[in-house]
Every structure is written in C-alpha cells, then in structure tokens.
Amino acid sequence: MPPAWAPAGAPRRRRRPAVELADIFRAHGSAYRRTHALARAQRRAMRAIETCRTAALGGHRETCDTCGAERLAYNSCRNRHCPKCQTLAKERWLTARRAELLPVEYFHVVFTLPHALNALAQGNPRVLYTLLFRTVAATLTTFARDPRHLEGELGGTAILHTWGQTLSQHLHLHCVVPGGALTQDGTRWIAAPAGFLFPVRALAQVFRGKYLAALRRAFTTGQLVFAGSVASLAEPAAWLADLRQHAWVVYAKRPFGGPRQVLDYLGRYTHRVALSNDRLVRHADGVVHFRWKDYAAGDRVKVMALAADEFIRRFLLHVVPDGFVRIRHFGFLANRTRRA
C-alpha cells in the first residue's frame, strides 16, 4: 500500500511479506553485532538490509509518465545481499546475456567442495572461492581440449552458491556450458554428443586433484589464515591427505531444452543470496520460521524454526567479501574474448 503521506491516486505497491529479513535484523542485529566478531562485509550487509527503504536512506518522488500520478518512496540500499534489491539487477544481467546464447544444447554441471573445508572457508572465503572458480574452469577446459572428447576451446558461465536449503554452508559452483567447443583457431564449432558432455566421475577426480594442489600452493605461499577454531589446520599434511582419500561430488543435470530454458534457470540463481523474503513464514519470541525444500523427501516443502541468533549466523555465512565477483565467464565466453 502507498504510505499515508503519498498523494491521492498513487499506484499500489506489491503487498509486503508478513515478515522480512530486514525485520529480523532490526530486532536482533544490534545485539548480534555486540556479541559476535564479524567481517566488514557482514556488518555492511546487515546495516544495509536494516535501513533499506527506510527514512535513513532518504527518498525520492516517482511520477507516472502516462497519468502523472505521483508517490514518494524511500531509497533502496542496493546491497547485493538484500533480498529486496536484486530484481532490477537480475533483469539487466539477463538482458545482456540474451544476445550471447547459442543455438545449441546447454549443460548444467555442479562442482561441490567437501564440507570438511567449510571452517577453512569461513576464515578465508576470498581464497577458497577464487580457487574454486579457477580449478573448475581449468577442469572443464582440460576435458574440452582432450582429443578423446572435444579437442577444442570450451566456454561457460559459473555462479557461486554457498548455501543449502536450510541456510547451512554448502559450497558449490553451478556451471552452464554450451554443448560443444571451438577449434583452436576459432573457425569451426565441434558439437558434443547429444545429451552428453563429459564423464562426471572423471571430472570429479580431476577437480579434486587440481583443487587440492591449488590449496597446498596457497598454504605454501602464506595466503591462508589459521585462527580460532581452524588453528589445528595450520599443519595441512593430514587433512589434505584425508580429503584426497574421499570422492568429491560433481553432478551433471539433464541438458537444458533450449536457450529460453537456460535464461529461466539463470534468472533463479544469479542474483539471489541464501533466501528470499517469500520463504520467511513468521518471526516471534526470538524464533524465525522459514520454508525449505527437503530433496531427500521428494522435494517436500517443510518449515524450519531457528533461534534468531542462529538464523542470523547462518545467513551471514553467505555474505561474500567486498568486491568479490560471484558470476564469472570462462573460455571463449570470458569477457576479453566473448565479443569476438
């Protein structure tokens, strides 16, 4: 509804959800910040969400080009972690991507880091997330260049996700890849077999090897910080060996039906962090209830209740460092070569 001070005839706004993330932060954010050590990006995200579309950020006048109706509106925070500020950014991004779609089959491949790395990632998010992007691109490129597969240059888009349905830490990269490659000289398209890109078990093994090698280099060059609960990881030989003994997960979903389906998929995943306001059910007596989908129970939708402090802790796990890019392109779709 328009605010009471808006001019008569002002357009109606979309109905506000019963509870928003901002409501939870306003009620419990100050106390949480006093009792928890937070990174700068986490503090900035909390304050931005708390003040989004309030008098604290000022306001502006909106005028209809057709009928001249006016209304006053508070400014948005435009923080990328705010569930109210991503719709326009998403649509602009999708518009820019439409011209880049190819008339070929597209594949969706997901690379997941073992949960044993979660604690290390909390203290070193920029390093571990960057290594994830680099090693996934290197893995896919290695397979694409192999004469047993495509023997060409692959391209793709990778999107970082750090959460599961219950807001727990689940570090993985969604990759959308055209079904084929360009020859080394860029003059010919090599199509992948229908319905198949690369063997996922082999992808997982190469991904594991490349990531652990990169992680060891990061340790050797002093890029990793071992503080607090991860101090015991400062001697990496044992836990790196343990990670090498377990199978890593690479999941390939069924290929997309066509370019339109690719865009529908991308729109759901690109500009969303952890959860939307629509998933929040209620907030009362220091407890937050939200919907989640239980994939193990046939995608059944359930409601989870968490203490407000635990809910905030889980949400803040997914605030990425300042300036970190969550959506990246690689191969022939990389920014420096995509136009050609």
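Using the Karplus curve 6.51 cos²θ - 1.76 cosθ + 1.60 with θ = phi - 60°, what ³J(HN,Hα) values do you get for each residue of the range 62-78, in whole Hz, with x for Gly and Pro?
Listing the rounded values in order: 10, 10, 6, 5, 8, 9, x, 4, 10, 8, 9, 9, 6, 6, 8, 7, 6 Hz.
Please list 3J(HN,Hα) in residue order for the range 321-331, calculated via the Karplus relation 6.51 cos²θ - 1.76 cosθ + 1.60 where θ = phi - 60°; whole Hz, with x for glycine and proline.
x, 3, x, 6, 8, 8, 10, 9, 10, 9, x
Taking 0.36 nm per residue of separation and subtracting the Cα-Cα distance, what length does fully extending Ala213 through Ser30 add?
Stretched fully, the Ala213-Ser30 segment lengthens by 61.7 nm.
Just from its helices, what would the mean residue ellipticity at 222 nm be for the chain, if runs of 4 or more DSSP H residues each count -39500 (n - 2.57) and the sum is divided by every residue, rounded to the nearest 500 deg cm²/dmol?
-11000 deg cm²/dmol
Between helix 125-145 and the chain, what is the angle of the helix's C-alpha long axis to the longest principal axis, kept within 0 to 90° and rounded to the nearest 10?
Once rounded, the angle reads 40 degrees.
Among (1) 23; (2) 17; (3) 31, which is the computed percent of Cα pairs over 39 Å apart?
(1)
If I stretch the segment between Glu70 and Arg268 completely, what's the gain in nm (0.36 nm per residue apart, minus their alpha carbon distance), one decimal?
Full extension of this stretch gives 68.1 nm more.
Label points 7 Å out from Cα along the Cβ direction at Arg313 and Arg44: separation in nm?
Here the answer is 2.5 nm between the modelled labels.
Angle, helix 259-269 long axis vs. longest principal axis of the chain, Cα atoms, 0 to 90°, nearest 10?
Tilt relative to the chain: about 60 degrees.
Order 234-241, 322-329 from most to least packed using the mean count of other Cβ atoms within 10 Å.
So the peptides 234-241, 322-329, ranked by packing, come out 322-329, 234-241.
Sum up the lysine pairs in the chain that clear both bars: alpha-carbon distance under 30 Å and a spacing of 8 or more or different chains.
Total qualifying Lys-Lys pairs in the chain comes to 10.
Bear in mind these aren't lab numbers, they're just calculated from the coordinates by the rules spelled out. Keep in mind that what you see is a predicted model, and the values were worked out from it rather than measured. When we count neighbours, we look across all protein chains shown, and the Cβ atoms used for this are built from the backbone with ideal geometry, even at glycine.
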